[in-house]
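Okay, structure first, notes after.
Any read-out appearing in this document is the output of simple, stated calculations on the displayed coordinates, not a laboratory observation. In this text the structure is predicted, and so the values were computed from the model without any measurement. Please note: Cβ atoms are built from the backbone with ideal geometry, for glycine as well, and neighbour counts cover all protein chains shown.
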Amino acid sequence: LLVIVFDFKKLVDLSVLTVAVQYLATSASVPVLRRRGRTGRFRLPAGPLIPVVAFGVVLAMMVTQLVQRGEGSIAIAGTFGVMLLVGIVPAAIYRAVTRHDKRAD
């Protein structure tokens with residue numbers, strides 16, 4: 001469906017944006033998981049500083065690219081937002097239903 005709307009360059013931009021957002025989510029989850037007591041096989045020195053800096057750098061790169069690219073990037077960001085909602089809404093519904101089922105047991 002996106003192939004009909006965008007050319008190759010815009011599709012590559014959308015792909016890169018998707019990877020960057022995934023990296024943001026991963027960087028943001030590290031401190032949360034550590035706070036919950038889940039640790040990995042090894043810990044890097046400087047603790048939570050690395051994922052916080054990574055989050056800031058990727059966010060700055062994304063904002064810089066969106067500002068430099070102008071209107072075309074707004075369409076890509078909007079499309080990505082719609083794609084994100086299409087994924088989040090069913091996940092939230094599923095989570096609410098499974099929580100309700102667990103409480104009933």
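Annotations for the structure displayed:
- Label-reachable residues, region 9-35, where backbone N falls under 15 Å from a point 7 Å from VAL86's Cα toward its Cβ: 11, 14-15, 18
- Full extension of the segment from ILE50 to GLN65, taken as 0.36 nm per residue of separation minus the current Cα-Cα distance, would add 3.1 nm.
- Rounded to the nearest 0.05, the FRET efficiency derived from the C-beta distance between ARG41 and ILE74 at R0 = 25 Å is 0.05.
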